[in-house]
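This report concerns only the one structure given below.
The values are calculated or read from the model by the stated rules, or taken from the named source; none is laboratory data. Predicted, not measured: the structure shown is a model, and the values here were computed from it. Glycine also receives a Cβ, built like all others from the backbone with ideal geometry; neighbour counts cover every protein chain displayed.
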Amino acid sequence: MSSPAGTDGNERQRPPSWRRRLARYVVLFGLVPYLSIVVVFAVAQRRFLYPREQVASIDAADAYFSAGRLHDVAIDTHDSLRLRGWLALADGLELQSDESLRDGLDGNHFVVLYFPGNSGNRLDRVHDCRDLTGIQCDVLLFDYRGYGDNPGSPNEEDLAADAWSAWNYLTQELGVPPQRIVVFGESLGGGVATRLAERACSTDASPAALVLSSTFSSMVDTVSWHYPYFPVRLMLLDRYPSADYISRVNCSVLILHGTSDDFVPLELSRKLFAAAPSESAIGIAKRFVEVPHAGHNAISPTVLREELRMLLEQTTAARRRAKEDQE
């Protein structure tokens, strides 16, 4: 049978135009890999955010503190998990064999409630504990759920609830007044610490200070900075909006950040600082410390100790003046 008039059979079967070929290449080699990466990130994002390593057990004896200075402690969570951690006593303070932790704490010391970054476990923070106890602070440190020898799986909401349990353990079971507590957070721990400080301030139980190191305005900002071409703002489950929370704290604020941090850019820490109130309820101005050439989680211990020491001296003096004015 002949082809219809004006139509050539071979012409109907000619290869697709270059535009169609280009579209196919874009889909096969561009869009499909892009969507695959997006799907993998959406499904496995918490594995990336919380690269946890679990071990059978961690004991205070593993940290090689002198006798009576480092103690294993535990808290019960809202969903019936038991999280383990340490209480490190300041230099020169040792718990006697017949003393309870509550009785052994020196009421004149500040206690640092420490929230670490998203890797490692408390054994990796031994040097940090020594640095802080060296300026006459006690330190309470818990591994996050799913980290170290702790059960469970981490996520933003449960870590916030666990932080509140740690706060209650410190204030209620150990009897530490809120105004003697320094809430400290490093990197991801800054998101946990900032939310806790805001909650404590909202209950009129403000801590002495919120101290943050190498942290961010939000997790969304951070991941978006690393991956600007992905729809992070639509996908991210754990968002840690620290800039929102810090705007409602009324305690002293100290933020430290390295100028060479290539994981959390300096600009995001600056954004967080800008959102904080200009001064605390007792009149201490917020402070931002840029540490030259320091990378992520690489703030010099000397700088941290000196800045924290000065802040605590300011806090003690301001509270003393406020008390004198009331009398």
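Report yes if some residue within region 147-157 is assigned to a helix (DSSP H, G or I) and either at pLDDT 95 or above or in the same structural domain as Tyr245 (by TED's automatic domain parsing) (or both); otherwise report no. Show your work before the answer.
So in region 147-157, the residues assigned to a helix (DSSP H, G or I) come out as 156-157.
With either at pLDDT 95 or above or in the same structural domain as Tyr245 (by TED's automatic domain parsing) (or both) added as a condition, the list becomes 156-157.
For region 147-157, residues assigned to a helix (DSSP H, G or I) and either at pLDDT 95 or above or in the same structural domain as Tyr245 (by TED's automatic domain parsing) (or both): present.
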| request: Among what's in region 60-97 and is charged (D, E, K, R) and modelled with pLDDT under 90, pick the residue that is surrounded by the fewest Cβ atoms within 10 Å (Cβ to Cβ). | output: Asp62
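Would you be able to say whether some residue in region 236-247 is farther than 28 Å from Asp91 by Cα, among the β-branched types (Val, Ile, Thr) and out of contact with any Pro (no Cβ under 6 Å at 6 or more places or on another chain)? Break it down into steps so the answer makes sense when it comes.
Here is the first cut: in region 236-247, the ones farther than 28 Å from Asp91 by Cα are 236-247.
Those left that are additionally among the β-branched types (Val, Ile, Thr): 246.
Filter once more, keeping what is out of contact with any Pro (no Cβ under 6 Å at 6 or more places or on another chain): 246.
Within region 236-247, one or more residues are farther than 28 Å from Asp91 by Cα, among the β-branched types (Val, Ile, Thr) and out of contact with any Pro (no Cβ under 6 Å at 6 or more places or on another chain).
Let me confirm something: among Glu198, Glu267, Glu290, which residue is assigned to a helix (DSSP H, G or I), acidic (Asp, Glu) and either free of Cβ contacts under 8 Å to residues at least 12 places away in the same chain or in contact with a strand residue (DSSP E or B) (Cβ under 8 Å, 6 or more places away or on another chain) (or both)?
Details: Glu198 fails: either free of Cβ contacts under 8 Å to residues at least 12 places away in the same chain or in contact with a strand residue (DSSP E or B) (Cβ under 8 Å, 6 or more places away or on another chain) (or both); Glu290 fails: assigned to a helix (DSSP H, G or I).
When all the criteria are applied, what remains is Glu267.
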| Cβ-Cβ below 8 Å, separation at least six or inter-chain, first residue in region 93-117 and assigned by TED's automatic domain parsing to the domain that holds Tyr240, second of a type outside the set (Gly, Ala, Ser) and exposed (fewer than 10 other Cβ atoms within 10 Å of the Cβ): which pairs? | Gly104/Gln96
| query | Counting just the residues of region 99-116 that are in contact with an Asp or Glu (Cβ under 8 Å, 6 or more places away or on another chain) and in a loop (DSSP other than H, G, I, E, B), which one comes out nearest to Ile181 (Cα to Cα)? | reply | His109
| request: Take region 142-166 and flag every residue that is touching a Gly at 6+ places or on another chain (Cβ under 7 Å) and either among the polar types (S, T, N, Q) or over 11 Å from Asp79 (Cβ atoms) (or both). | output: Phe142, Asp143, Gly146, Ser153, Pro154
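Go through region 248-261 and give me each residue that's more than 17 Å from the chain's Cα centre (by Cα) and either closer than 20 Å to Ala160 by Cβ or surrounded by fewer than 17 Cβ atoms within 10 Å (Cβ to Cβ) (or both). Give the derivation first.
Start the filter on region 248-261 by keeping residues that are more than 17 Å from the chain's Cα centre (by Cα), which leaves 248, 250-252, 259-260.
Arg248, Asn250, Cys251, Thr259, Ser260 - these are the residues of region 248-261 that are more than 17 Å from the chain's Cα centre (by Cα) and either closer than 20 Å to Ala160 by Cβ or surrounded by fewer than 17 Cβ atoms within 10 Å (Cβ to Cβ) (or both).
Take Leu123 and decide whether it is touching a residue at least 60 places away in the same chain (Cβ under 8 Å) and either under 17 Å from the mean Cα position of the chain (by Cα) or in the same structural domain as Ala163 (by TED's automatic domain parsing) (or both).
Values: touching a residue at least 60 places away in the same chain (Cβ under 8 Å): yes; either under 17 Å from the mean Cα position of the chain (by Cα) or in the same structural domain as Ala163 (by TED's automatic domain parsing) (or both): yes.
Yes.
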| Can you find even one residue in region 301-321 that is out of contact with any Phe, Trp or Tyr (no Cβ under 7 Å at 6 or more places or on another chain), assigned by TED's automatic domain parsing to the domain that holds Asn118 and assigned to a loop (DSSP other than H, G, I, E, B)? | no
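Could you go through region 18-34 and let me know if any residue there is in a loop (DSSP other than H, G, I, E, B) and either modelled with pLDDT under 85 or surrounded by 13 or more Cβ atoms within 10 Å (Cβ to Cβ) (or both).
Within region 18-34, the first condition is being in a loop (DSSP other than H, G, I, E, B), and the residues that meet it are none.
No - not one qualifying residue is present in region 18-34.
For region 117-146, how many residues meet the condition of being of a type in the set (A, V, I, L, M) and part of a helix (DSSP H, G or I)? Spell out how you get there, then give the answer.
We begin by selecting, within region 117-146, every residue of a type in the set (A, V, I, L, M); these are 123, 126, 132, 135, 139-141.
Imposing the further condition that a residue be part of a helix (DSSP H, G or I) reduces the set to 123, 126, 132.
Residues meeting the conditions: 3.
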| task | Please state which of the following conditions Tyr114 fails to meet, knowing it meets all the rest: (1) farther than 28 Å from Phe48 by Cβ; (2) surrounded by 24 or more Cβ atoms within 10 Å (Cβ to Cβ). | result | (1)
| query | Which residues, counting only those in region 201-217, are at positive phi and either surrounded by fewer than 22 Cβ atoms within 10 Å (Cβ to Cβ) or charged (D, E, K, R) (or both)? | reply | Asp204
